[in-house]
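Okay, so here's the structure we're looking at.
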Amino acid sequence: QVQLVESGGGVVQAGGSLRLSCASSGLTFGSYAMGWFRQAPGKEREFVAAIRYSTTYYADSVKGRFTIFRDNAKNTLYLQMNSLEAEDTAVYYCAAAPRGSNLYASTGYDYWGQGTQVTVSS
């Protein structure tokens, strides 16, 4: 079965950096677009970033601070997060979507990981 497993979350001070990883198994990783979403307490799950082939997409709130990239040889997706802010505190999820999907919407994704907590202290 398909598994997406996030790691790399933790507690960091404002202005710091974290790199999230998402290891996949059970799917042809290179055939899927991949995305990151996040959900803060009491809020809806929101789009963070996505990558389809080599094209990347970002939410305005993270543009210039976060970088999404993938290593198809390792079946792994990454999210480099720099200049973290308290507002970035959330559970971060990776997800896999067929290439033709709307990558900005959670409904465009077929598979989801269990999430990893990121807490930014101010």
Of all residues in region 1-43 being more than 11 Å from L79 (Cα to Cα) and of a type in the set (S, T, Y), the one that is least open to solvent (accessible area, probe 1.4 Å): S24
A careful count of residues in region 39-56 that are over 11 Å from the mean Cα position of the chain (by Cα) and among the aromatic types (F, W, Y) gives 1
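Scan region 99-122 for residues that are touching a helix residue (DSSP H, G or I) at 6+ places or on another chain (Cβ under 8 Å) and assigned to a strand (DSSP E or B) and jot them down. Full working, then the answer.
In the first step, residues of region 99-122 are kept if they are touching a helix residue (DSSP H, G or I) at 6+ places or on another chain (Cβ under 8 Å); the result is 99, 101-102, 118, 120-122.
Selection gives V118, V120, S121.
Name the strands (runs of 3 or more DSSP E) wholly within region 1-58 that hold at least 2 residues that are among the charged types (D, E, K, R)? If you could, list the steps in order and put the result at the bottom.
Details: elements: 3-7, 10-13, 18-25, 32-39, 46-52, 55-58.
Passing ranges, in order: 46-52.
Residues are listed down the side, and each one gets a yes or a no for (1) more than 24 Å from V2 (Cβ to Cβ); (2) touching a Lys or Arg at 6+ places or on another chain (Cβ under 6 Å):
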{"site": "S17", "(1), (2)": "yes, no"}
{"site": "S54", "(1), (2)": "no, no"}
{"site": "D60", "(1), (2)": "yes, no"}
{"site": "F69", "(1), (2)": "no, no"}
{"site": "A73", "(1), (2)": "no, no"}
{"site": "E87", "(1), (2)": "yes, no"}
{"site": "Y92", "(1), (2)": "no, yes"}
{"site": "A95", "(1), (2)": "no, no"}
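Of the residues Y92, Y57, which is open to solvent by 40 Å² or more (accessible area, probe 1.4 Å) and either of a type outside the set (A, V, I, L, M, F, W, C) or touching a residue at least 24 places away in the same chain (Cβ under 8 Å) (or both)? Explain how you work it out, then say what you get.
Values: Y92 fails: open to solvent by 40 Å² or more (accessible area, probe 1.4 Å).
Result: Y57 is the single residue among Y92, Y57 that is open to solvent by 40 Å² or more (accessible area, probe 1.4 Å) and either of a type outside the set (A, V, I, L, M, F, W, C) or touching a residue at least 24 places away in the same chain (Cβ under 8 Å) (or both).
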Would you say V62 is of a type in the set (A, V, I, L, M), assigned to a strand (DSSP E or B) and either in contact with a helix residue (DSSP H, G or I) (Cβ under 7 Å, 6 or more places away or on another chain) or more than 14 Å from Y111 (Cβ to Cβ) (or both)? no
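If a residue must be in a strand (DSSP E or B) and either acidic (D, E) or open to solvent by 50 Å² or more (accessible area, probe 1.4 Å) (or both), how many such residues does region 65-74 contain?
First, pick out the residues of region 65-74 that are in a strand (DSSP E or B): 66-71.
Next, from what is left, pick out any that are either acidic (D, E) or open to solvent by 50 Å² or more (accessible area, probe 1.4 Å) (or both): 67, 69, 71.
Summing the residues that are in a strand (DSSP E or B) and either acidic (D, E) or open to solvent by 50 Å² or more (accessible area, probe 1.4 Å) (or both) in region 65-74 gives 3.
The values are calculated or read from the model by the stated rules, or taken from the named source; none is laboratory data. Only a predicted model underlies this, so the values are computations on that prediction, with no experimental measurement involved. Methodologically, a virtual Cβ is constructed for each residue, glycine included, from the backbone with ideal geometry; neighbour enumeration extends over all protein chains shown. With ligands, DNA and RNA removed, areas are computed over all heavy atoms of the protein, side chains included. Shrake-Rupley method; radii C 1.70, N 1.55, O 1.52, S 1.80 Å.
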